[in-house]
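The values are calculated or read from the model by the stated rules, or taken from the named source; none is laboratory data. The structure displayed is predicted, hence computed values, not measured ones. Every residue, glycine as well, gets a Cβ built from its backbone with ideal geometry; the counts of neighbours run over all protein chains shown. With ligands, DNA and RNA removed, areas are computed over all heavy atoms of the protein, side chains included. Shrake-Rupley method; radii C 1.70, N 1.55, O 1.52, S 1.80 Å.
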Amino acid sequence: MPRCITSSLFIALILTTASLRAQEETGYPYIKNYTMRDIPAGLQNWAVAQDQRGIMYFGNSNGLLIFDGVHWRVTETPGRAFIRSIAINTSDEVFAGAVDDLGYLWPDSNGQRQFVSLLSAIPEPDRHFGDVWKSFCIGNRIVFQTFSRIFIFESAPPESPERFRFVRTIQPPNSLHFSFQVRNAIYMIVRGHGLHLLQNDTLVLAPGGAFFASDRIYAMLPWENDATMIFTRERGIFLWKDEKIMPFAGDVHTDLPRHQIYHATLLSDSTVAIATLDNGIWIMNRFGRRIAAFDRSSGLMDQSILYLFTDRENNLWAGLNQGIARVEYPSRYTFFSERNGLTGSVFKIARHQGNLYVATFDGLYRLSKNNTHQLERVTGISSSVWHLYSAGTSLVIAATDGVYALRDHVIQRISDRPYNYVIATTLSDAKQILVGHAKGVDIYRQQNGRWVSTAAWQGIDDEIRTITEYAPGKFWLGTMFRGVMHYTTPGQVTRYGASHGLPPGEIRPFMINEHLLFATSSGIMTFDKDRFLRPPALQAPDDVFVGYGIWMHAVDRHNFWVSVETKRGANTYRATMDDNGSIHYGKPILVRADRHVIWNGMQDDDGIAWFGGPDGIIRYDAHTADNTTAPFHALISRITLQSDTSRAEYNIRFRNPTQIPEYPAMGIRFECAATSFTRQEFNEFQYWLEGFNHMWSDWTTETRRDYTNLPEGVFTFRVRARNFAGQIGKEDAFTFRVTAPWHKSNWFMSLTAMVLVGLLIGAVRFATVRRWKRRVMDLELRERISRDLHDEIGANLSNIALLSEMLSAKENFENKEKEQLARISNVARRTVDTMRDIIWAIQPHQDQLDEMMLRMKDLTSELLGDTLPYTLDFPSENLTRTVTMPYRQNIILIYKELLHNIIKHAQASFVHIRLVITGDELVLVVTDNGIGFDAQHSHDGGYGVKNLKRRTRGIRGDIRWETAENGGTRTTLRCTLA
């Protein structure tokens, strides 16, 4: 049994612990909980790890959960088993231990990493081993530990067909508990035997290891002076070095056995985070004292903690029994809000007799130095508190319902004046203070240990929010809405507003290094000869959002805090004014911090700064390491190709193509992420598609970029990210070639052209044949109709005319009856003539212009004959052009009507007829030497002008009549051949 030592190290620890000062005022860190709404997996998370690019891995009850800062993805084992342990080697290869399975992640053909089991490499008798509780990577060795066996693999040489080769199975002398990796060594607890070391693929008892034979060890951490800190469930914490073992002094060693430790990890500030199954997370300092605890009351959604892990930004990740949490601890920032008992917007923070007091809309609160995070309300004031001033043994309080003083923890009202907003001291009298209120300024003095209102400034009836004395007896007073006032005792007041260059809103005058400045909604301004100016050299790096604008608080003569409200949130700087009046701004210490707006601030003598606003208090500790400067990566997480008929996803990070990949020209989407997890909701991205765009895009919180219809060519997609502190991480890039899609390839275009030509030829041929068949059918129909009209109806009408003539020749008919028979005969013969014209029109062989002119000549001879001299001037060449049946019919009927009119009405002795055909135009001119014709005053019963015009419109032509002074008419018909 090894001895428990009382060495100089032990004595030093006891002395240091005894001299440890009271716990700090810490507040709560920023905590981000990931619930089932966020992660597509199960509740329990048993292990956490991070690769070199910053991607997080979680051993989940549904498989291996992967998080890149934006996207969650779960990779299941073949049996959909729990993942109990994770290990990552120096090549960023990820190994996982499951239930009755173990393996690694490897990308498939699309770059999506899948779980590849190594179970088949283990001898058959050893394959039923239950949970793989721990996994380790040391050198080229991979170690998997179960409660009954240890499996060792190694990376296979390049020429081997397998990636990882099974080495051996270790059967311990008894069942195992958990194992741990400390300084490149692996330690395991063998129940009943103690702490063992895995050495040369063999378990050997560690020096002094038998001391822990009956213990359940849940964590082993490297400690100072090459010692190792060992956390046991039943006996607390021990320091172990060689064979020397000693209890670790402190309250955690005493209290921990009551709260079921389950895991622990070292933090960047040399403190230890301890996971418990029933009491959340404990933070233990190097002296064994618990300095912080995170549970449901501090924002943790579950206080049963299964695993703890510190990422590259020093964020503390917790695998919970129900979900995942990220705790920004240790951090420069902690917060006080309703969780800490603080309610109402914070108007002023002040330190009085060692205690922190907070003025809020809901009243006065106090944070004791003996309480790390809870504020308590000070009784005795029931209204809003706007300002505080520590004056010796008294804390003067400006409140809505009066002015109060706190002394010896007792509240006393010293004035009933309502709506008091600001307290200021004077340069000339240390025992005098000024209180600005809704109707001006009151003077208070200390008399017999009490503050008494002695007088009020004359000439002021405005709501005073700021009082600044820049010289003895000379003051600037700021208001909420009415600009500023210059006040000189005893009562000289000058007002300044928009006409003097001031913007709207509250104006806050203050002094820095003997320079007078004004904080406004438009920035920092100065005053010069009745004008307010905005010198560019004084402005903060950010553009001020027109609203609250600028808030300032002096730290000392040269240094001050500046909070600038921008469109993206409030940024707070530590600034310095030199003797020449120039302001030098440092790096912002609050950058959109949890979207807080800063209204006021205070800095303690030890450098701790406190900032208040509508969302509570931010505590800023510059002594803590800045976790916003850790390097991180922008990632192209996934590529999605989208077309009308298909969709494919690629994880290009793990695809590693040896050649530039080619994609068809369709929709392509890049999904990106950034592995900066501190305030990850504020991460922003820039994109650049080289070969298509000319420069980086604007910064945006959008994590994906879509491109459609890219031209053929080679492109490089680049992405970079910046975190909430403005730090830009390492960019990612992906080069690819866009090829013509199959429907634009040469072979497809040629085939398409051939098919189109074939279809066109077929369509033309089909249309031609169809038109020819229709024409044949039309010709046959017209031939049949004309034959039927001629043979049947024509013959019958001729018989009617002949019979009528024969009857009228008999003498037994009276004259009236003979006239009627003659009329019947004339009607029948005219009908026969009309029908003859119709028959001629519908006969197919009459469709040519030559046949139409022959018909016109025949009509001229039939109608004019020998009774009226005429001349014909028709084209002499053969005109074989085909015209439509309606066209020929209308031309013949118009021509016939014109000849009938001349015979009946013109009283002419000569007629000249001229027909001209030029190109597609037909012109018919009929001239007589008769009595003339007036088309404007003709009647339908006369020349039938309307009938002629109607037929002319039917062939889209024009007909005109001209009458000479000495008589005679010329009729001109113009129309287009059809």
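Please verify whether the range 446-455 includes one or more residues that are closer than 24 Å to residue 361 by Cα, more than 46 Å from the chain's Cα centre (by Cα) and among the β-branched types (Val, Ile, Thr).
No; the residues of the range 446-455 include none that is closer than 24 Å to residue 361 by Cα, more than 46 Å from the chain's Cα centre (by Cα) and among the β-branched types (Val, Ile, Thr).
Pull up the range 35-91, narrow it to residues that are of a type in the set (Asp, Glu) and open to solvent by 40 Å² or more (accessible area, probe 1.4 Å), then point me to the one that is nearest to the chain's Cα centre (by Cα).
38
Would you check which residues across the range 398-413 are open to solvent by 30 Å² or more (accessible area, probe 1.4 Å) and over 52 Å from the mean Cα position of the chain (by Cα) and list them?
Scanning the range 398-413 gives 407, 408, 409, 410, 411, 412, 413.
Is it the case that the range 642-651 has a residue that's outside the structural domain of residue 55 (by the TED database) and either modelled with pLDDT of 70 or more or touching a Cys at 6+ places or on another chain (Cβ under 9 Å) (or both)?
Within the range 642-651, one or more residues are outside the structural domain of residue 55 (by the TED database) and either modelled with pLDDT of 70 or more or touching a Cys at 6+ places or on another chain (Cβ under 9 Å) (or both).
Being at pLDDT 95 or above and among the hydroxyl-bearing types (Ser, Thr, Tyr) is the requirement here; does residue 329 meet it?
So residue 329 does not fit the description; no.
Evaluate the range 426-434: report whether one residue or more is surrounded by 15 or more Cβ atoms within 10 Å (Cβ to Cβ) and of a type in the set (Lys, Arg).
No; the residues of the range 426-434 include none that is surrounded by 15 or more Cβ atoms within 10 Å (Cβ to Cβ) and of a type in the set (Lys, Arg).
Of all residues in the range 170-192 being part of a strand (DSSP E or B) and small (Gly, Ala, Ser), which is surrounded by the most Cβ atoms within 10 Å (Cβ to Cβ)?
Out of the qualifying residues, it is 179.
May I ask you to verify whether residue 300 is closer than 24 Å to residue 84 by Cβ, assigned to a loop (DSSP other than H, G, I, E, B) and modelled with pLDDT of 95 or more?
Yes; evaluated as a whole, the condition is true for this residue.
Per-residue answers, yes or no, for (1) in a strand (DSSP E or B); (2) open to solvent by 80 Å² or more (accessible area, probe 1.4 Å):
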position: 689; (1), (2): yes, no
position: 695; (1), (2): no, yes
position: 702; (1), (2): no, yes
position: 714; (1), (2): yes, no
position: 721; (1), (2): yes, no
position: 752; (1), (2): no, no
position: 755; (1), (2): no, no
position: 761; (1), (2): no, yes
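Yes or no, residue by residue, for (1) surrounded by fewer than 20 Cβ atoms within 10 Å (Cβ to Cβ); (2) assigned by the TED database to the domain that holds residue 679; (3) over 18 Å from residue 596 (Cβ atoms); (4) not β-branched (Val, Ile, Thr):
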| site | (1), (2), (3), (4) |
| --- | --- |
| 319 | no, no, yes, yes |
| 344 | yes, no, no, yes |
| 347 | no, no, no, yes |
| 350 | no, no, yes, yes |
| 361 | yes, no, no, yes |
| 375 | no, no, no, yes |
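Could you list, in sequence order, all residues of the range 145-165 that are open to solvent by less than 50 Å² (accessible area, probe 1.4 Å), assigned to a strand (DSSP E or B) and not small (Gly, Ala, Ser)?
145, 146, 150, 151, 152, 153, 154, 164 - these are the residues of the range 145-165 that are open to solvent by less than 50 Å² (accessible area, probe 1.4 Å), assigned to a strand (DSSP E or B) and not small (Gly, Ala, Ser).
Just to be sure, is residue 324 more than 21 Å from residue 49 (Cα to Cα), modelled with pLDDT of 95 or more and in a strand (DSSP E or B)?
Taking the combined requirement at face value, the residue does not satisfy it.
Please verify whether the range 139-152 includes one or more residues that are out of contact with any strand residue (DSSP E or B) (no Cβ under 6 Å at 6 or more places or on another chain) and modelled with pLDDT under 95.
Yes, there is a match, as at least one residue in the range 139-152 is out of contact with any strand residue (DSSP E or B) (no Cβ under 6 Å at 6 or more places or on another chain) and modelled with pLDDT under 95.
Would it be correct to say that residue 434 is outside any strand (DSSP E or B), under 26 Å from residue 349 (Cβ atoms) and of a type in the set (A, V, I, L, M)?
no
Condition first: under 21 Å from residue 852 (Cβ atoms), out of contact with any Ser or Thr (no Cβ under 8 Å at 6 or more places or on another chain), not in a loop (DSSP other than H, G, I, E, B) and not small (Gly, Ala, Ser). Can you find one or more residues in the range 925-946 that meet it?
no
For the range 962-972, what are the residues that are in contact with a Phe, Trp or Tyr (Cβ under 7 Å, 6 or more places away or on another chain) and either open to solvent by less than 50 Å² (accessible area, probe 1.4 Å) or in contact (Cβ under 8 Å) with a residue 40 or more places away in the chain (or both)?
969, 971 - these are the residues of the range 962-972 that are in contact with a Phe, Trp or Tyr (Cβ under 7 Å, 6 or more places away or on another chain) and either open to solvent by less than 50 Å² (accessible area, probe 1.4 Å) or in contact (Cβ under 8 Å) with a residue 40 or more places away in the chain (or both).
Here is a yes/no grid of residues against (1) free of Cβ contacts under 8 Å to residues at least 24 places away in the same chain; (2) out of contact with any His (no Cβ under 9 Å at 6 or more places or on another chain); (3) closer than 18 Å to residue 167 by Cβ; (4) of a type in the set (A, V, I, L, M, F, W, C):
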residue	(1), (2), (3), (4)
187	no, no, no, no
190	yes, no, no, yes
204	yes, no, yes, yes
209	yes, no, no, no
217	no, no, no, yes
221	no, yes, no, yes
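With the checklist (1) touching a helix residue (DSSP H, G or I) at 6+ places or on another chain (Cβ under 6 Å); (2) of a type in the set (A, V, I, L, M); (3) in contact (Cβ under 8 Å) with a residue 24 or more places away in the chain in hand, flag the one item residue 977 doesn't pass.
In the conditions (1) touching a helix residue (DSSP H, G or I) at 6+ places or on another chain (Cβ under 6 Å); (2) of a type in the set (A, V, I, L, M); (3) in contact (Cβ under 8 Å) with a residue 24 or more places away in the chain, residue 977 misses (1) alone.
Could you check how many residues of the range 454-494 are outside any strand (DSSP E or B) and open to solvent by 50 Å² or more (accessible area, probe 1.4 Å)?
So the answer is 9.
Where residues in the range 107-125 are assigned to a loop (DSSP other than H, G, I, E, B) and within 16 Å of residue 164 (Cα to Cα), which of them is most open to solvent (accessible area, probe 1.4 Å)?
Residue satisfying both the conditions and the ranking: 123.
Tally up the residues in the range 442-453 that are surrounded by 19 or more Cβ atoms within 10 Å (Cβ to Cβ) and either free of Cβ contacts under 8 Å to residues at least 40 places away in the same chain or in contact with a helix residue (DSSP H, G or I) (Cβ under 8 Å, 6 or more places away or on another chain) (or both), please.
Residues meeting the conditions: 1.
Take residue 571 and decide whether it is among the polar types (S, T, N, Q), at pLDDT below 85, open to solvent by less than 20 Å² (accessible area, probe 1.4 Å) and in a loop (DSSP other than H, G, I, E, B).
No: the conditions fail for residue 571.
Could you grab me the full set of residues in the range 180-222 that are within 49 Å of the chain's Cα centre (by Cα) and either at pLDDT below 95 or closer than 19 Å to residue 142 by Cβ (or both)?
Selection gives 180, 181, 182, 183, 184, 185, 186, 187, 188.
Among 579, 604, 556, which is open to solvent by 10 Å² or more (accessible area, probe 1.4 Å), charged (D, E, K, R) and closer than 22 Å to residue 374 by Cα?
Exactly one of 579, 604, 556 is open to solvent by 10 Å² or more (accessible area, probe 1.4 Å), charged (D, E, K, R) and closer than 22 Å to residue 374 by Cα, namely 604.
Which ones in the range 247-267 are among the hydroxyl-bearing types (Ser, Thr, Tyr) and closer than 19 Å to residue 223 by Cβ?
254, 265
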